[in-house]
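Every read-out reported here was derived from the displayed coordinates using simple, explicitly stated rules and does not represent laboratory data. Given the structure is predicted, the values throughout are model-derived calculations rather than measurements. Because the Cβ atoms are built from the backbone with ideal geometry, glycine has one as well, and the counts that use them run over all protein chains shown.
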Amino acid sequence: MIPALMIYSAERTRTSAEQRETDLQTSELAAAVAQFGISIVSPFRALDVFARALLGRADARKVVPYH
């Protein structure tokens with residue numbers, strides 16, 4: 001970003017529409033990161049549930065994988 005534009009952006013107050021747009025983009029990014037994390041963890045959680053069931057552990061049904 002151009003330094004002069006950065007200074008201008010820092011000095012001026014955002015309108016409510018600009019703030020809503022920024023908040024929407026931030027929430028969409030957070031949702032995408034969370035979904036990515038779940039997609040990475042899910043296979044390992046499924047393996048954990050399978051291993052617990054295979055070993056006959058009593059707490060095998062307590063672990064609920066993400067969907």
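Brief remarks follow.
- Label-point separation, Val41 to Thr13 (7 Å along Cα→Cβ), nm: 4.0
- For the range 37-52, 3J(HN,Hα) per residue [Karplus equation, 6.51 cos²θ - 1.76 cosθ + 1.60, θ = phi - 60°, Hz, x = Gly/Pro]: x, 5, 5, 6, 7, 3, x, 5, 5, 4, 5, 5, 4, 4, 5, 5
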